[in-house]
């Protein structure tokens, strides 16, 4: 008799525990329904406002087009600069793309630089420099203690018809300098305005 009451008690406790667990699960899943609706309403009204502001033009989900700051071309090779940022660490980072419009593989052989320390940076932007025309000063690419440039290496080169990204870092010119000329290899210099980093 005592055993029967004990078993009934255990079953009741188990049933209560399961019911409590289910109740908490449902409450957790269902919570915040009004918040989600409010967020959906905000999104819908923001979309409606954006549609109204566009004077009937349809919104596009395409990514924003990258702004071109400067371009340079040497034969079949085209260089584009899309960013020139003065960073807080007292250096400038330039980045962009290079396109091989030729029929053969391009290895950036004349972009590696003439300095002995940079000769090991084959197929790279190691020979690039910035020229501050107003301050009459040339800034060479930054490098690490082993002579590796702080720049892109085009491992394997750039195949015909391909476009690839590149970057290069330089010491920052004085604060008053707002534009510099970017030079690499036999490319004509490209004048670019510097922007402040965040």
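Any chance the range 130-143 includes a residue that's in the same structural domain as residue 94 (by TED's automatic domain parsing), part of a loop (DSSP other than H, G, I, E, B), within 21 Å of the chain's Cα centre (by Cα) and surrounded by fewer than 20 Cβ atoms within 10 Å (Cβ to Cβ)?
yes
Kindly evaluate residue 83 against the criterion of being at pLDDT 90 or above and surrounded by 10 or more Cβ atoms within 10 Å (Cβ to Cβ).
The answer is yes for residue 83.
Within the range 108-120, take every residue that is in a loop (DSSP other than H, G, I, E, B), out of contact with any helix residue (DSSP H, G or I) (no Cβ under 9 Å at 6 or more places or on another chain) and modelled with pLDDT under 85 and give me the one that is surrounded by the most Cβ atoms within 10 Å (Cβ to Cβ).
113
So which of 127, 78 ends up being within 15 Å of residue 187 (Cβ to Cβ) and part of a strand (DSSP E or B)?
When all the criteria are applied, what remains is 78.
The values are calculated or read from the model by the stated rules, or taken from the named source; none is laboratory data. Model, not experiment: these values are computed from the prediction. Counting neighbours? That spans all protein chains shown, and the Cβs are built from the backbone with ideal geometry, glycine included.
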